[in-house]
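See below for the structure under consideration.
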Amino acid sequence: MNRLSELIGDTPLLALCRTGSGSRLLLKLEQFNPYGTAKLRMALSMVLDAEAGGRLRPGGRIVESTSGNTGLGLALVAAERGYRFTAVVDGHACPDKLRAMLAMGAELVYVTEEGDEELATAAREELAARLAKDSGNAVFTEQHNNPANAEGYRPLARELAKALPEGVDHLIGAVGTGGSLCGTGRELRRLMPGVRLVGVEPVGSIAFGGPGGPYHQSGTGTPPGAPVGALVDYDLIDEGRKVSDRQAFGTCRALARRTGLLVGGSAGGVIHEALHELRAAPPGSTLVALLNDSGEKYLDTVFNDAWMAERDLLDPDVEREVGDLLEEFGSVGAS
């Protein structure tokens with residue numbers, strides 16, 4: 001390989017558990033991409049698309065509103081290809097992600113005051129658009145409405161089809177921009193027409209209806225006041241589910257203690273839903289959960305008892321329930 005971005009993709013599948021009826025849950029570990037996130041797939045796709053369309057020229061500037069992982073991807077691509085990168089962020093972002101962007105030369109522009117943990121997606125989007133418009137040779141990649149975001153996940157679907165020629169029955173993934181689940185799902189359904197798509201968002205997110213409210217899961221969902229992204233394809237998604245912060249983070253913590261696997265908060269929500277889907281699946285079903293990032297970025301939050309307790313997120317009952325399900329279905333690597 002000649003560039004770090006060439007290491008994107010071909011991530012492993014891990015067999016988490018299998019039921020007595022022969023159904024199994026496989027985890028697509030996107031944390032094995034550089035910087036531990038699936039978002040590098042779409043970051044590279046959006047930049048290549050902007051170059052091909054003449055919107056981004058040598059020496060130009062990339063601007064994006066980000067909770068962290070998309071910013072990591074764009075910071076990497078910008079560093080490789082000689083662009084400046086400005087990330088518009090809020091206090092909801094994980095500090096480790098922000099520090100990594102700074103290390104790669106990114107400029108951070110905040111829309112909230114220090115100590116404010118509010119998710120300010122709408123304000124970030126508005127500022128990012130204005131910064132790009134006011135700069136010469138600059139492009140706002142606009143991840144929530146950029147078709148190149150979803151296109152970046154087509155190879156992920158082909159990886160699944162190659163690894164699982166017998167078929168995938170359920171594809172479960174987090175829904176934020178909609179790019180990862182819908183981009184993967186659209187291509188996978190072309191290759192495997194019978195696959196069922198299940199979208200997962202935090203309680204408090206509004207993409208699948210219901211009352212809006214605050215949530216701590218990062219890089220996923222649509223907060224109140226923000227428009228649902230154009231990439232969320234309701235005709236493609238068979239079912240939308242909501243998972244609370246307590247359920248998502250409790251799943252992360254139980255999984256780490258039972259299996260040694262560290263995953264991010266939104267990935268915990270996906271696994272929580274996938275375990276319940278597995279229990280109800282017809283015999284012999286194959287379920288694939290898309291895990292968008294790793295847990296090492298959340299050691300100060302999701303895996304920190306003090307941080308969790310301060311926000312009333314610790315829930316031993318959830319951790320016990322998830323542990324019981326893992327024990328019922330079998331351990332990692334069950335065959």
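The values are calculated or read from the model by the stated rules, or taken from the named source; none is laboratory data. Since this is a predicted model, take the numbers as computed values, not measurements. As a convention, Cβ positions derive from the backbone with ideal geometry for all residues, glycine included, and neighbour counts pool all protein chains shown. Ligands, DNA and RNA are stripped out before the accessible areas are found, and what is left, the full protein with its side chains, is counted by its heavy atoms. Shrake-Rupley method; radii C 1.70, N 1.55, O 1.52, S 1.80 Å.
Quick notes on this structure:
- DSSP beta bridge pairing in the range 1-148, given as percent antiparallel to the nearest 5: 30
- The alpha carbons of the range 213-335 give a radius of gyration and a Dmax of 15.1, 46 Å, in that order.
- Each of ALA161, ALA38, PRO95 was scored by the projection of its Cα onto the charge dipole of the range 23-164, and the greatest displacement toward the positive side belongs to ALA161; charges sit on the C-beta of Lys, Arg, Asp and Glu.
- Dipole magnitude (debye, nearest 20) for the range 154-210, charges at Cβ of Lys, Arg, Asp, Glu: 220
- As a fraction of the 1.4 Å probe accessible area of the chain, surface on carbon and sulfur atoms comes out at 50 percent.
- Pairwise FRET efficiency - ASP305 versus LEU164, Cβ, R0 = 25 Å, nearest 0.05: 0.10
- Dipole magnitude of the chain, debye to nearest 20 (Cβ charges: Lys/Arg +1, Asp/Glu -1, about Cα centre): 1100
- Global geometry of the range 121-239, whether rounded, prolate or oblate, following the gyration tensor of its Cα atoms and the 1.5 cut on a/c: oblate
- Length-normalised contact order for the range 65-209 - Cα pairs under 8 Å, 6+ apart - percent: 17
- With the helix formula -39500 (n - 2.57) applied to DSSP H stretches of n ≥ 4, the chain reaches a computed 222 nm mean residue ellipticity of -12000 deg cm²/dmol.
- The Rg/Rh ratio for the chain is 0.95, where Rg is the radius of gyration of the alpha carbons and Rh is the Kirkwood radius.
- Antiparallel bridges, percent of DSSP beta bridges restricted to the chain (to nearest 5): 20
- The calculated FRET efficiency for LEU13 paired with ARG258, based on their beta-carbon distance and R0 = 22 Å, is about 0.70.
- Cleavage-rule hits, chymotrypsin sites (Phe, Trp or Tyr not before Pro), the range 142-236, DSSP coil, Cβ neighbours within 10 Å at most 14: TYR234
- Relative to the Cα centre, the charge distribution of the range 26-81, modelled as +1 at Lys and Arg Cβ and -1 at Asp and Glu Cβ, gives a dipole magnitude of about 60 debye.
- The GluC sites (Glu not before Pro) of the range 145-197 that meet both conditions, a loop assignment by DSSP and at most 10 other Cβ atoms within 10 Å of the site Cβ, are GLU166.
- Per residue, the chain exposes an accessible area of 40 Å² to a 1.4 Å probe, with every protein chain left in place.
- The listed residues ARG3, ARG154, ARG41, ARG190, once ranked by accessible area (1.4 Å probe) with the largest placed first, stand as ARG190, ARG3, ARG154, ARG41.
- Tensor-based shape of the range 144-209 (alpha-carbon gyration tensor, a/c under 1.5 rounded, otherwise prolate or oblate): oblate
- Here the peptides 131-141, 194-204 are ranked by packing, the mean other Cβ count within 10 Å, and the order with the highest first is 194-204, 131-141.
- Options PRO147, THR121, ALA132, ranked by Cα towards positive dipole end of the range 113-163, top entry (Cβ charges): PRO147
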